[in-house]
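Report on the following structure.
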Amino acid sequence: MAGSARSDSSMTDDTPRKRRSVSVDHFSTARLTAERLRENHLAELVALHCDPEVSRYLGGVRTPEVTKAYLATNMAHWDQHGFGLWTLRTADGAYAGRAGIRHVLVDDVDEIEIAYALKREFWGQGFASEIATALTDIGLSQLALPSLIGIVYVGNTASRRVLEKSNYLLERSKNRHGGDVVIYRIRQ
Ligand SMILES: CC(C)(COP(=O)(O)OP(=O)(O)OC[C@H]1O[C@@H](n2cnc3c(N)ncnc32)[C@H](O)[C@@H]1OP(=O)(O)O)[C@@H](O)C(=O)NCCC(=O)NCCS
């Protein structure tokens with residue numbers, strides 16, 4: 001089924017009252033495979049972040065050094081929380097981009113957001129909608145998170161549409177790091 005996640009999750013705690021500890025290192029959707037972000041994904045990530053169109057609503061083009069630090073931060077996120085960013089590939093193994101579920105501080109509140117960025121050649125084919133649906137499913141069902149948010153620059157129409165199609169509701173607008181963003185949320 002398009003957009004539904006099939007993962008190799010393994011439960012380490014079956015007690016219903018406790019939060020489950022889930023490993024979701026790999027999962028796949030109808031057209032994409034997702035692999036936990038690793039050190040050897042650096043070159044692909046650097047190339048993605050160097051595209052000014054891709055980075056337009058991601059805070060601008062990042063230097064290789066900044067992306068290297070970004071990779072380290074996001075690998076540490078996996079170690080700490082058991083989820084984070086995945087590298088996305090198409091069925092033929094081509095690098096398609098990155099997506100993830102991660103902690104983010106918004107107005108001093110610890111929130112969990114979904115994030116996605118695709119190589120330009122893969123835009124407009126429904127890939128982001130497919131991966132956002134899968135991330136939402138993993139976050140709410142497998143990780144049992146109470147809610148997920150999406151933070152999007154007001155002008156990023158495509159990303160706003162991705163969230164709306166995944167049943168996120170517009171919550172509020174705010175200024176963040178000097179830019180006008182909107183926050184969407186989905187709850188259990
Ligand atoms: C935003 C992004 C992930 C969308 O990826 P995508 O695979 O092209 O999105 P989809 O094909 O799933 O399209 C989602 C919806 O947005 C619409 N859309 C796509 N591009 C659009 C655009 N430029 N303007 C308006 N709507 C657009 C699509 O028509 C679709 O809606 P529909 O199904 O009702 O027709 C992609 O453009 C990207 O990687 N951008 C750079 C990184 C980024 O901005 N990430 C999001 C940060 S919040």
Output needed for the stretch 21-187: three equivalent-ellipsoid semi-axes, defined as square roots of 5 times the C-alpha gyration tensor eigenvalues, in descending order, whole Å. 21, 19, 17
Reduced to Cα centres, the span from the stretch 34-81 to the stretch 86-113 in Å works out to 10 Å
Among V54, V66, V152, the residue with the largest mean-square fluctuation in a Gaussian network model of the chain built from Cα contacts under 10 Å is V66
Apply the a/c threshold of 1.5 to the C-alpha gyration tensor of the stretch 95-188 and tell me whether it is rounded, prolate or oblate. oblate
For K119, give me every one of the aspartates and glutamates with a C-alpha distance below 17 angstrom, ignoring sequence neighbours fewer than eight places off in its own chain. E35, E44, D51, E53, D92, E130
I want the local charge near G126. Using Cβ-Cβ distances under 13 Å, sum +1 for each Lys or Arg and -1 for each Asp or Glu among the other residues. +2
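Since every read-out is calculated from the coordinates, none of them should be taken as a lab result. All of these numbers come straight from a predicted model, not from anything done at the bench. Backbone-built Cβ (ideal geometry, glycine too); neighbour counts: all protein chains shown.
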